[in-house]
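The values are calculated or read from the model by the stated rules, or taken from the named source; none is laboratory data. These numbers come from a predicted model, not from an experiment. Cβ sites come from the backbone with ideal geometry, for glycine too, and all protein chains shown count toward neighbours. Surface accessibility is based on the protein's heavy atoms, side chains included, excluding ligands, DNA and RNA. Shrake-Rupley method; radii C 1.70, N 1.55, O 1.52, S 1.80 Å.
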Amino acid sequence: MLLCLDIGNTNIVMGITIDNKIIEKYRFATNTYITEDEYAVKFLECIKGSKYDIKDIEGVIISSVVPALDIIMKRAFEKYFKITPIYIIPGIKNGMNIKIENPKQLGSDLLVGAVAAYNKYKTNLVVVDLGTATKFIVVTENAEILGGAIAPGILSSLKSLFSSAAKLSEVNLDIPKKVIGKDTTTCIQSGSLYGAASMIEGMINRIEKEIGSVKVVLTGGYAENIKNILNIDYVYEPDLLIEGLIILYNKNK
C-alpha cells in the first residue's frame, strides 16, 4: 500500500493506493499551525476507516507547495509510520525533459500533473489545474515540459474582490443560469465562473497559436465548478496528481 499526498495552499489530498490503483481519497484543509501529531492522527483515522492496516504501508510520496509543512509531514510519518517520505524535489527521476529556463523553479504539483497527463495521453497537451491558483502547464508529445502560465484561482479572486469592495458580500460558487446576472449574487457568480471559463478558453486558444493543437486535461479542486460550462474539448481527470505520484514513486522507490 502506498500513501500519496498532494499538499496545496488550500487543501491536502491523500490517496490510499494499492497495486497502482486509488482505493480511497481524502481531503483536508491545509493548516500550517497544527502539529505532526495532529496530522498523524488524521491520517491514521483515515487508514483505520478504510479497513486497511498501517503495517500494509510500504511507502509515502509527497508533492508539496507549502514549505512550512514539509518538516511537519516528515516528522509525522517517521514518528507514527516509521517511514521517511519521498518528496517531489528538483532532480527527482521523472522521465520528462524540462525546457523552462530554471527547472528548479517548476512547482512540484505542476511536474506531477505533467507526468501523469503525458503518461496517459502521450501527445501535445495542456494541463489546466484549478486550485488556489489556476495553472497551465504545456507538454509536448516528446515528453517536453515547455512552460505554462499561472493566474489567480477562482476562490482567490473572489476573496480579493470581497476584501476590496465593502458593499459586496460573499456568495456560493453556483453556476447562474445566464451570463447576464440580475442581482449582485448572480453578477458575481457569472463574473467568477463564466469569467474563469472564458479565460481558460482564451488561454488555450493562444497556446494553440504558438504550438498547434493540444489536448486539454482539466484537474484541480475547482475544476468541478466550471467543467460543465467550458466551450472547448477537454478530458476531466480529478485524480491526476495522485496518479502522477504513483508513477513517480515507482520511478524513485
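Overview of values
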| quantity | calculated |
| --- | --- |
| Which of CYS46, VAL128, ILE92, positive extreme of dipole for segment 46-151 (C-beta unit charges) | CYS46 |
| Relative contact order computed over the chain (Cα-Cα under 8 Å; 6+ residues apart), in percent | 18 percent |
| Residue-span extension gain [LYS21 to ILE83] - 0.36 nm each, minus C-alpha spacing | 20.3 nm |
| Listed residues LEU161, LEU110, LEU146, most fluctuating in the chain (Gaussian network, C-alpha, under 10 Å) | LEU161 |
| Crossing angle, helix 36-49 versus the chain [Cα axis fit, 0-90 degrees, rounded to tens] | 90 degrees |
| Highest-fluctuation residue, THR184, THR30, THR17 considered, GNM on the chain with Cα pairs under 10 Å | THR184 |
| The chain: antiparallel DSSP beta bridges as a percent of all, rounded to 5 | 60 percent |
| Per residue, in Å², the accessible surface of segment 116-220 once ligands and nucleic acids are set aside, probe 1.4 Å | 52 Å² |
| Qualifying trypsin sites (Lys or Arg not before Pro) in segment 40-120, DSSP loop, other Cβ atoms within 10 Å at most 11 | LYS51, LYS82, LYS93 |
| Chymotrypsin sites (Phe, Trp or Tyr not before Pro) restricted to segment 110-190 and DSSP loop, no more than 10 other C-beta within 10 Å | none |
| Residue-count net charge about GLY113 - beta-carbon cut-off 13 Å; Lys, Arg +1, Asp, Glu -1 | -4 |
| Whole-percent pair-distance distribution, where bins are 10 Å wide, for the alpha carbons of the chain | 7, 29, 32, 23, 9, 1 |
| Charge tally in the Cβ shell below 15 Å around ALA143, where Lys, Arg are +1 and Asp, Glu are -1, ALA143 excluded | +4 |
| Kirkwood Rh and Cα Rg combined as Rg over Rh, evaluated for segment 74-175 | 1.11 |
| Length-normalised contact order of segment 86-234 in % [C-alpha pairs under 8 Å, at least 6 apart] | 23 percent |
| Of LYS21/LYS82; LYS74/LYS253; LYS135/LYS227; LYS55/LYS82, pairs whose Cα-Cα distance is over 20 Å | LYS21/LYS82 |
| Euclidean distance of C-alpha centroids, segment 64-124 and segment 130-149, integer Å | 14 Å |
| Hz values of 3J(HN,Hα) by residue in segment 126-131 - Karplus curve (6.51, -1.76, 1.60), Gly and Pro given as x | 10, 8, 10, 10, 9, x |
| Computed over segment 24-69, Kirkwood Rh from alpha-carbon pairs, angstrom | 12.1 Å |
| List GLU141, GLU170, GLU78, GLU101, ordered by accessible area with a 1.4 Å probe, largest first | GLU101, GLU170, GLU141, GLU78 |
| Apportionment of accessible area to carbon and sulfur, the chain, percent (1.4 Å) | 49 percent |
| Per residue, in Å², the accessible surface of segment 52-112 once ligands and nucleic acids are set aside, probe 1.4 Å | 55 Å² |
| Degrees between helix 240-252 axis and first principal axis of the chain (Cα, 0 to 90, nearest 10) | 30 degrees |
